[in-house]
Amino acid sequence: YGTPSQLVEEPAQPLVADGLDRQTFQWAIEDRAGDLVPTANGLATLNWLAPPGTIGNGTMAETDGQTPLVFHQGLAEMTVQAGKDTGSIDWHVQWENLSGQGAWAVVQPEATMVDITAPDTPYIANESGNPAVFNVTVLDQAGNPMPTGIFHLTVGIIGKTGQFHDLTQGPDAITVDGGQPPTPVTVYSIAGSPGPMTLTVSGDGLPTASC
């Protein structure tokens with residue numbers, strides 16, 4: 001490696017404006033050939049300009065600000081938590097006589113999958129009407145619950161060991177509201193019918209989930 005010649009940001013995913021997504025952004029000090037300079041150490045300064053609502057609590061101030069970065073063996077990093085508003089966060093890093101600048105995108109959450117949480121209590125097949133409660137949530141591209149939106153889904157049961165309150169195996173309609181607690185789905189055992197049981201959830205263009 002040669003003399004430190006450039007300060008660059010490593011490729012990173014955009015932040016998702018769900019109020020929960022966290023991304024770690026990393027910078028590297030490189031020589032003219034683009035090789036990391038591992039002897040580049042010391043303090044740098046990170047300045048950012050953030051539209052209100054794009055940065056969440058717990059990481060940095062919610063608008064403009066400044067914080068120190070520590071370069072160790074040519075690398076420095078900062079973890080940022082998204083707010084709930086989309087936009088572009090401009091940043092500038094200064095280390096000795098080198099500087100770099102760029103922007104982090106904060107993008108709209110998109111519903112990508114359904115998550116089903118299995119019950120903690122045992123599902124007892126030899127007791128008629130023994131309930132088991134599953135919780136259904138719609139997740140965004142960061143794997144976090146959708147903060148907004150109303151999702152109309154269909155639940156069904158595969159296997160002869162369970163039924164819904166209406167004594168059928170579905171399909172039954174449920175609604176999942178973004179930004180609200182998970183939607184509970186209660187399945188009841190059928191007396192004398194042991195064996196596997198699968199709950200399926202589908203709809204609104206999302207991949208079918210099962211548990």
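The values are calculated or read from the model by the stated rules, or taken from the named source; none is laboratory data. Owing to the predicted nature of the structure, the values given are computational and were not obtained by experimental measurement. Virtual Cβ from ideal backbone geometry, glycine too; neighbours counted across all protein chains shown. To get the accessible areas, we keep the full protein, side chains included, count just its heavy atoms, and leave off ligands, DNA and RNA. Shrake-Rupley method; radii C 1.70, N 1.55, O 1.52, S 1.80 Å.
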### Message
Between R22 and Y1, what is the label-point separation in nm under the 7 Å Cα-to-beta-carbon projection?
### Response
2.7 nm
### Task
Provide L36, L46 ordered by accessible surface of protein heavy atoms (probe 1.4 Å), highest first.
L36, L46
### Message
Among A111, A17, A173, which one shows the highest mean-square fluctuation when the chain is modelled as a Gaussian network with alpha-carbon springs under 10 Å?
### Response
A173
### Query
Build a GNM of the chain with springs between Cα atoms under 10 Å: which of L153, L75, L43 gets the top mean-square fluctuation?
L43
### Message
Quick check: pseudo-label points 7 Å beyond the Cα along Cα→Cβ at A12 and N47, how many nm apart are they?
### Response
1.8 nm
### Message
With a 10 Å cut-off between alpha carbons and a GNM built on the chain, which of P52, P14, P196 moves the most?
### Response
P196
### Query
What is the Cα convex hull volume of the range 5-54 when expressed per residue in Å³?
110 Å³
### Query
What whole number of Å gives the distance from the Cα centroid of the range 140-211 to the Cα centroid of the range 16-92?
39 Å
## Note on the structure
Stretched fully, the stretch from Q73 through N135 gains (0.36 nm per residue minus C-alpha distance, one decimal, in nm) 17.7 nm
### Message
From the convex hull of the Cα coordinates of the chain, what is the mean projected area in square nanometres?
### Response
14.9 nm²
